[in-house]
Amino acid sequence: MNDRTQNSAGGRGGFLIRGARLLGGEATDILVRDGVVAAIGRGLQAPGDAEVVEAAGLVALPGLVDLHTHLREPGREDAETVATGTRAAALGGYTAVHAMANTEPVADTAGVVEQVWRLGQEAGHCDVQPVGAVTVGLAGESLAELGAMADSAARVRVFSDDGKCVSDAVLMRRALEYVKAFDGVIAQHAQEPRLTVGAQMNEGAVSGRLGLTGWPAVAEEAVIARDCLLAAHVGSRLHVCHVSTAGSVEIIRWAKSKGWDVTAEVTPHHLLLTDDLVEDSPVGSYNPIYKVNPPLRTHADVQALREALADGTIDCVATDHAPHPVEDKETEWAAAAMGMIGLETALPVVQEAMVDTGLLDWAGVAERMSYAPARIGRLTGHGRPIEVGEPANITLYDPAVRAAVDPAGYASKSRNTPYEGRTLPGRVVATFLRGRPTVLDGKLA
Amino acid sequence: MRRHLISAADLSRDDALLILDTADELAKISERSIKKLPTLRGRTVVNLFFEDSTRTRISFEAAAKRLSADVINFSAKGSSVSKGESLKDTALTLEAMGADAVVIRHSASGAPHRLAGWVRGSVVNAGDGTHEHPTQALLDAFTMRRRLGSLEGRRVAIVGDVLHSRVARSNVLLLATLGAEVTLVAPPTLFPVSVGSWPCEFSYDLDAVLPKSDVVMMLRVQRERMNAAFFPTEREYSRRYGLDRDRVARMPDHALVMHPGPMNRGMEIAAEVADSPRSTIVEQVANGVTARMAVLYLLLGGAELGGEN
């Protein structure tokens, strides 16, 4: 039981969500039974055995889908496990996450992807859809058994060497061609490796002052341009991971204008944070809490990314949730691991960057954080509108709350969030996975 | 002046002048037969060197000892950036040992910033990665001032691998604070892309800069740069950016030749130039001890340098 629910039936007879705003529209009631949306309308009567969730003032969003999550299991269970990561996902409003392949061992065989998929099923907080590696061991030398992963119980459709760019043009071409056989997509971490040897942060004025080796925008843009041309040439699907520069946006816009099947994602942190923070922030200079790959860029890049997400050039928001234990961040900048956690703050950050700025409405958020990522990942059963007969994957969100971020209560095993102490809007109140609450009243159900 | 000296940008003009004036006073002591002051008796200075630098370590050690501080040399070579915990663990050890000041040399830019967050004592940056080396800039400014008087309006050319040079970064900041006009000279590959936003001029043409320079500071070219396509060959670099006798002849008569050492003789600087009367290279070494004495004295001696504490 909790503050917002009544009746002690424990939801066995379903839930009546009372007074939520569907994508920001007028308040309505949503009856959830047997895993699907059973009825929508004002003044619905709760069947006797249904639990009532008071949702006045809350926005009802389709369950969020993340295309880019690092769950670290197998191999780095000290940073995150499938169980802890999916708890964090549920608390962030997610009903499905794509688990990245850079685990130890790498998810480059049917065995490993099935293991991750089953761990997700057992944990039960949200659906875990493994991403398969493009190359064996992420080594960039030979193709992994993409078909075996696609045919496995995990039914992999997204393949990525994330963290490592498939820089060999021939290998990238072959991967793009090969996955057409099972409607797969190659999700590329665009980073020209020779241009980023030793790279520590965005190359620009700040890196110049701080004496940190620069990660130039062109190292991302050059690979995106090449991959768009390759994808067009072989007629395949390309997905660009965590776009971070204004130039990348221009290239993707151009590729889409040609009608090519190119999609792209942006992280919440690239929509809000800039490289200035490496030099000057409330937590001091050189604090690796801001070290992420691709690096935080400039204000102009952030503005371009926001506009691109608003106009659809960038299709979706993906967290790149990258948990690291404290000892991997409490160190000198160069030695620190790259990445920040993001599942539990994604929706508030998107609200601040996109909704509160008037760039997106809640329908736009639903498109970019649920429908589009599910479509790109070929997930059925997620990214569906909240309509009668659809799977009841629903996130109830209170946009009116404002509170300082306190990661102490996070479900993720790691605490490497750059938002600690920062006031962010919004709070996920409840998450339903096929009609079953994974989060109620802001707490794991 | 703040509690730490991590960047030349930490120094206001008044701070910098106070350090240089203090160094002037302390220089007189170095001329005595007994070169020692009791000022820092009972204080502990730790030289924490994650990177080899015998010259800088000895210079700091001599400075601290001349002020009667207890000196602990902590060489952590090999553990620098290989595994993260080492710096924080070391910091906690130093805390437990009651270090009043930690002089840190580290291959990672920003390591002194991180250390400053973990220890209560003062942190002095003795060179961090490709970021800064503020006491080098102070000793350079001290050397220039002794030879040329005020630095206001003086023109300083800094020549060579600006991209990777902590000496150049610190000098640009400090010399700008002191009113000098700095021109950086290098091939375009050895400038950061953002050099246009620095408080200085820059040029690709050494010969054009030399006649209007009061000081020409040559930077060491590290051997690994020579194999990484920053320039075609050593010979071409030396021809375009090396300081030889012919080029010295184009400098004003009073102009100085400086180098932070160690030098590649015959590469960025000809041996005869390095050994000429214009060269301050040996003086810079001696002045290094004096300038570092002034820094330690002012950070630890209880005297405020003005500004925030």
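Structure notes:
- Calculated [222 nm] ellipticity per residue, helices only, for chain B: -11500 deg cm²/dmol; basis is -39500 (n - 2.57) per DSSP H run with n ≥ 4, divided by all residues, nearest 500.
- Alpha-carbon Debye profile of the stretch A:127-201, log10 I(q)/I(0) at 0.14, 0.17, 0.24 Å⁻¹: -0.43, -0.61, -1.06
- Normalising the average separation of contacting C-alpha pairs (under 8 angstrom, six or more residues apart) by the number of residues puts the relative contact order of the stretch A:62-376 at 17 percent.
- If both residues of a DSSP beta bridge must be in the protein assembly as shown, then about 35% of such bridges are antiparallel.
- The Rg/Rh ratio of the stretch A:62-376, with Rg taken over Cα atoms and Rh as the Kirkwood radius over Cα pairs, comes to 0.93.
- Angle in degrees between helix A:246-257 and the longest Cα principal axis of chain A, rounded to the nearest 10: 70 degrees
- Helix B:166-177 and the long axis of chain B differ in direction by around 90°, with both axes built from C-alpha atoms.
- Between B:Asp21 and B:Arg245, the contour length at 0.36 nm per residue exceeds the alpha carbon distance by 77.2 nm.
- Spacing of the two label points (7 Å from each Cα toward its C-beta) at B:Leu92 and A:Thr423, in nm: 3.5 nm
- GluC sites (Glu not before Pro) within the stretch A:22-96, DSSP loop, no more than 10 other Cβ atoms inside 10 Å: A:Glu26
- Note on the protein assembly as shown: Rg/Rh from Cα positions, Kirkwood definition for Rh, rounded to two decimals, is 1.06.
- With R₀ set to 25 Å, the beta-carbon distance separating A:Ser142 from B:Ala229 gives a calculated FRET efficiency near 0.30.
- Cα-based Rg of the stretch A:279-390 normalised by 2.2 N^0.38 Å, two decimals: 1.26
- Inter-centroid distance (Cα atoms) of the stretch A:204-235 relative to the stretch B:1-67, Å: 44 Å
- Mean partner shielding of peptide B:192-200, defined as the number of other chain Cβ atoms within 10 Å of each residue Cβ, is 4.
- Take the Kirkwood radius over Cα pairs of the stretch B:134-285, plug it into Stokes-Einstein at 4 °C and 1.567 mPa s, and you get 86 µm²/s for translational diffusion.
- Solvent exposure of the protein assembly as shown as accessible area per residue, Å², 1.4 Å probe: 36 Å²
- The DSSP beta bridges internal to the stretch A:62-376 are antiparallel in roughly 5% of cases.
- Excluding exposed DSSP-loop GluC sites (Glu not before Pro) (at most 12 other C-beta within 10 Å), longest clean stretch of chain B: B:153-303
- Interface residues of the stretch A:190-234, defined as those losing at least 40 Å² of solvent-accessible heavy-atom surface relative to the isolated chain (probe radius 1.4 Å), are listed as A:Gly208, A:Arg209, A:Gly211.
- Summed over both chains, the area buried between B and A is near 1600 Å², taken from the accessible surface of protein heavy atoms with a 1.4 Å probe.
- P(r) tail fraction, chain B - alpha-carbon pairs more than 37 Å apart, %: 13 percent
- Tilt relative to chain A, helix A:217-234 - C-alpha long axis, 0 to 90 degrees, to 10: 80 degrees
- Taking Cα centre as origin and charging only the Cβ of basic (Lys, Arg, +1) and acidic (Asp, Glu, -1) residues, the dipole magnitude of the stretch A:62-376 rounds to 740 debye.
- DSSP beta bridge pairing in the stretch B:134-285, given as percent antiparallel to the nearest 5: 0 percent
- With a Förster radius of 25 Å applied to the C-beta separation of A:Val283 and A:Arg402, the computed FRET efficiency comes to 0.75.
- Only the Cβ atoms of Lys and Arg (+1) and of Asp and Glu (-1) were treated as charged; on that basis the dipole of the protein assembly as shown about its Cα centre amounts to roughly 1360 debye.
- Comparing Cα centroids, the stretch A:113-154 and the stretch A:339-404 end up 24 angstrom apart.
- Under the simplified labelling scheme, the B:Asp205-A:Arg12 pair shows an inter-label distance of 8.9 nm, with each label point 7 Å from Cα along Cα→Cβ.
- Reported value for the stretch B:215-309: 153 Å³ per residue, from the convex hull of its C-alpha atoms.
- One decimal place: the segment A:Glu307-A:Val234 gains 23.3 nm when fully extended, by the rule 0.36 nm per residue minus the C-alpha distance.
- Other protein chain Cβ atoms within 10 Å, averaged over every residue that makes up A:284-293: 3
- Trypsin sites (Lys or Arg not before Pro), loop per DSSP, at most 12 other Cβ atoms within 10 Å - longest free stretch of chain A: A:43-257
- Full extension of the chain segment joining B:Lys212 with B:Arg3 gains 71.4 nm, where the gain is 0.36 nm per residue of separation less the Cα-Cα distance.
The values are calculated or read from the model by the stated rules, or taken from the named source; none is laboratory data. Remember, predicted model here, so these are calculated numbers, not experimental data. Cβ sites come from the backbone with ideal geometry, for glycine too, and all protein chains shown count toward neighbours. Just so you know, the surface numbers come from the protein's heavy atoms only, side chains and all, with ligands and any DNA or RNA stripped out. Shrake-Rupley method; radii C 1.70, N 1.55, O 1.52, S 1.80 Å.
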